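Notes for the one structure printed next.
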2 protein chains.
Amino acid sequence: MDPLNPAAPPPAIPGSDLIHKGSTTPLGVGGCHLITLRQHSDHRGPLAVLGQGDAPLPFTPQRIFLVHHVTGPVRGEHAHRICHQLLLCTHGSVRIRIDDGRHHHTITLNQPHLALHIPPMVWAEQDQHSPDASLLVLASHLYDPADYLRSRDAWLAALGAD
Amino acid sequence: MDPLNPAAPPPAIPGSDLIHKGSTTPLGVGGCHLITLRQHSDHRGPLAVLGQGDAPLPFTPQRIFLVHHVTGPVRGEHAHRICHQLLLCTHGSVRIRIDDGRHHHTITLNQPHLALHIPPMVWAEQDQHSPDASLLVLASHLYDPADYLRSRDAWLAALGAD
């Protein structure tokens, strides 16, 4: 995005066709959004972009991690006090349950051009990983064990303290 | 990493075992490095981290993109004037050729805990994508068509102008 002209359309990628604009859809749970990445395609195949015009990154990542070859039934099962997370299932599929203490929602990430933005204080759990699932997580902060709320009781107590 | 004590070991992830420390290996081509992500594992499976202690992010990403379902023989085939890139093959495998005008090297990314840091002015090409390859690229800058050197002649001329 041109910072001097934020309404300008993002530049095209030379030699490729835009097949889908980016979009952001609120999910009604603690500020969570489903982000559809901007998608280009040409004879070499598709390319999905985040950080351009209609599909900006919701925060600047300071840390990334990858979850793969999942063997347990559930991962996640925590909330963060201040850290934002962005989840992309770059291959395969995974189901994610998000809960803000009043509303909850379950969503399946099964396309590499879908991303789920989870703000702080949202409890998240992942299950139903396909055997080939690779889940990429971008985080807004470096790792800090004190930022994790690992029990639902501690999370609910922290929510009540807001 | 604790910014007040950069020599401190990174904190452990509760309930998981460290199975491999992070490391960074220079490849002798234009400042390119192969980064091995820090890897943790527990009963739920492995988790690979970048942006923590012994495996820092080499730059702050401003943009990410994903290449998948590749149908052409070669992708990449350009250099950047100022943009750094970090490539991770989160599923499947891809071969990458890097060239700084004097030295070149070919490397296969075939594990999700491997990342290739490509600094500016390095010509890079990708080929031999496995059918299930998902290639994630983190970029240090927003998209700017003027940052791309898309022909080898233009790249060599720009190298000579340094």
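What to note about this one:
- Qualifying strands (runs of 3 or more DSSP E) (wholly inside segment A:51-162; at least 1 residues being more than 10 Å from chain B (Cβ to nearest Cβ)): A:74-80, A:85-91, A:94-99, A:104-109, A:114-118, A:123-127
- Criterion violated by A:Arg44 - all others in (1) within 11 Å of chain B (Cβ to nearest Cβ); (2) more than 21 Å from B:Leu66 (Cα to Cα); (3) touching a Lys or Arg at 6+ places or on another chain (Cβ under 9 Å); (4) among the charged types (D, E, K, R) satisfied: (2)
- Residue identified as surrounded by fewer than 20 Cβ atoms within 10 Å (Cβ to Cβ) and not acidic (Asp, Glu) among B:Pro112, B:Pro61, B:Pro119, B:Pro73: B:Pro73
- Here B:Asp132 meets each of (1) closer than 19 Å to A:Leu135 by Cα; (2) modelled with pLDDT of 95 or more; (3) of a type in the set (Asp, Glu) with one exception, condition (2).
- When segment B:23-46 is filtered for residues that are at pLDDT 90 or above and in a strand (DSSP E or B), the ones remaining, listed by number, are B:Ser23, B:Thr24, B:Thr25, B:Pro26, B:His33, B:Leu34, B:Ile35, B:Thr36, B:Arg38, B:Gln39.
- Qualifying residue in segment A:8-21 (condition: under 16 Å from the mean Cα position of the chain (by Cα), surrounded by 17 or more Cβ atoms within 10 Å (Cβ to Cβ) and closer than 19 Å to B:Ser134 by Cβ): no
- The listed residue being under 30 Å from B:His43 (Cβ atoms), crowded, with 16+ Cβ neighbours inside 10 Å and free of Cβ contacts under 8 Å to residues at least 60 places away in the same chain, out of A:Ala55, A:Ala124, A:Ala79: A:Ala124
The values are calculated or read from the model by the stated rules, or taken from the named source; none is laboratory data. The shown structure was predicted, so the numbers you read here are calculated from the model rather than taken from an experiment. Reconstructed Cβ throughout: ideal geometry from the backbone, glycine too, with neighbour counts over all protein chains shown.
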